[in-house]
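Chemist: The structure under discussion is supplied below as C-alpha cells; questions concerning it will follow.
FYI, it's all coordinate maths here, none of it is from the lab. Predicted, not measured: the structure shown is a model, and the values here were computed from it. No Cβ is skipped: glycine too gets one built from the backbone with ideal geometry, and neighbour counts run over all protein chains shown.
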Amino acid sequence: SRIEHSAPYRYLKPVVYYGSSITQGACASRPGNAYEAIISNDLDCDFINLGFSGSALAEEAITDYINSLDMSVFVMDYDYNAPDPEYLAKTHENLYRTFRAAHPDTPVIMVGKPDFWLCNESNMERRDVIYRTYNNARLRGEKVIFIDGHSLFPANMREECTVDNCHPNDLGMVGMADVIGRAVEFALSM
C-alpha cells in the first residue's frame, strides 16, 4: 500500500458555511453525515465549516475572518443562534453587506433555521429578516439565493429529522444536504 495525493476537487475554491451547531453537524452520527460533507461529496468540492455551537452571532472578528477567505460560494446559515428576530435584523444585512464589499461576485446562499414551525411568530419574523436581506440584494442584481428553513425537512417526516426538535440527526442532515446542495450546485454555475 502507499499514500498518494488524491485527485483535485472539481471546484478548487471551497464553499464556506457559517452558522450554529446545526452547521457544525453537532448531532450527525459522524462527520461525513453533516450536510456540508454530503454536499462536498456529491459535488466534488472542498468546504470550510464555520459552525459554532452556541455562537455564530455575526461578530466583527468572525466577519473579518470570513471576508479574508477565498471561496466559490458563501452559505449564511446563522439564523439559529440570534437571540431574537430583532438581533437578527441588526446583524443579518450588515454581515451580508460587509461580505459583499469584500467579495462582489461570490454567490451567497441565505438559509433560514430548519426547525421552522409555521405557527411560531418568531420563526416568521426571522424568515422575513433573511428574505429582506435577500430581496434587497436581488434588487441590486447581486448573486444571491434564499432558502426558506421550512423547506429543509420533508413535511411528512419533520419530527423525525431532529434529536431534540432543534438539531438535525442523519435524516435531517440528508434533507438539508438535498435542498442546500441543489442551491450550492446552482451557485457554482453562476
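Chemist: Based only on the alpha carbon positions, what is the Kirkwood hydrodynamic radius of region 102-179, in angstrom? List each step's numbers first, then the result.
Modeler: On the way: mean 1/r = 0.0741 Å⁻¹.
Hydrodynamic radius (Kirkwood, Cα pairs) of region 102-179 is 13.5 Å.
Chemist: Next up: Rounded to two decimals, what ratio of Rg to Rh does the chain give with C-alpha atoms and a Kirkwood Rh? Show your work: numbers first, answer last.
Modeler: On the way: Rg = 16.0 Å, Rh = 16.7 Å.
That ratio equals 0.96.
Chemist: Springs between alpha-carbon pairs under 10 angstrom, Gaussian network model over the chain: which of A101, A34, A177 fluctuates most?
Modeler: Of A101, A34, A177, the most mobile in the Gaussian network model is A101.
Chemist: Report the FRET efficiency, 1/(1 + (r/R0)^6), for A155 and R132, where r is their Cβ-Cβ distance and R0 is 35 Å, rounded to 0.05. List each step's numbers first, then the result.
Modeler: Details: r = 25 Å, r/R0 = 0.72.
E(calc), rounded to 0.05, equals 0.90.
Chemist: Right, another one. Filter the trypsin sites (Lys or Arg not before Pro) in region 120-190 to those in DSSP coil with at most 13 other Cβ atoms within 10 Å of their Cβ, and list the result. Display every interim value, and only then the final one.
Modeler: Numbers: sites: R126, R127, R132, R138, R140, K143, R158, R182; in loops: R140, K143.
Counting only loop positions with at most 13 other Cβ atoms within 10 Å, the trypsin sites (Lys or Arg not before Pro) in region 120-190 are R140.
Chemist: Could you calculate, for region 38-112, the ratio of the Cα radius of gyration to the Kirkwood radius, expressed as Rg to Rh?
Modeler: Details: Rg = 12.7 Å, Rh = 13.2 Å.
Value, to two decimals: 0.96.
Chemist: Need one number: nm distance between label points at S29 and K90, each 7 Å from Cα along Cα→Cβ, rounded to one decimal.
Modeler: 4.2
Chemist: Give, in nm to one decimal, the length gained when the segment between L12 and E185 is fully stretched (0.36 nm per residue of separation minus the Cα-Cα distance).
Modeler: On the way: separation 173, 0.36 × 173 = 62.28 nm, distance 1.39 nm.
Separation in residues times 0.36 nm, less the Cα-Cα distance, equals 60.9 nm.
Chemist: Most fluctuating residue of E142, E60, E93 in a GNM of the chain with Cα springs under 10 Å: which is it?
Modeler: Taking springs between Cα atoms under 10 Å, the residue moving most is E60.
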